[in-house]
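> One structure, as structure tokens, below. Some questions next.
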Amino acid sequence: MIVTFFLNILFAILNILFSWLPRVETLPTINGFNVDTALVTFAEYWHYFADALPPIATLLYALLFFYSYKLLMLILRFTRIYR
């Protein structure tokens with residue numbers, strides 16, 4: 001409950017800081033390539049792939065988690081928050 005309270009405060013502050021940015025409903029088309037449709041199609045194919053081959057999808061999720069952890073550690077080391 002306390003964590004939720006602090007997260008609500010954090011997101012309220014972020015909302016105030018970035019309220020000047022335009023609200024994007026759909027992603028743009030770049031040189032005839034519709035980015036919004038491409039991401040939706042990728043998500044549909046990914047769900048089909050994950051349903052068809054769960055062990056491989058689990059390995060890819062683990063790899064994604066690992067790389068996101070490594071990226072977070074690089075950011076923290078770069079900002080000297082964590083040594």
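Where a number appears in this text, it was derived from the coordinates with a stated rule and is not lab data. Quantities reported herein were computed from a predicted structural model and do not represent experimental measurements. Quick reminder, even Gly has a Cβ in these numbers, built from the backbone with ideal geometry, and neighbours come from all protein chains shown.
Let's see how each residue does on (1) in a helix (DSSP H, G or I); (2) in contact with a helix residue (DSSP H, G or I) (Cβ under 8 Å, 6 or more places away or on another chain); (3) surrounded by 10 or more Cβ atoms within 10 Å (Cβ to Cβ); (4) of a type in the set (A, V, I, L, M):
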| position | (1), (2), (3), (4) |
| --- | --- |
| L10 | yes, no, yes, yes |
| N15 | yes, no, no, no |
| W20 | no, no, no, no |
| T37 | yes, no, yes, no |
| Y48 | yes, no, yes, no |
| A62 | yes, no, yes, yes |
| Y69 | yes, no, yes, no |
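> Out of all the residues in the range 35-56, which are within 29 Å of V24 (Cβ to Cβ) and either in contact (Cβ under 8 Å) with a residue 60 or more places away in the chain or among the small types (G, A, S) (or both)?
Keep residues of the range 35-56 that are within 29 Å of V24 (Cβ to Cβ), which gives 35-50.
Matches in the range 35-56: A38, A43, A50.
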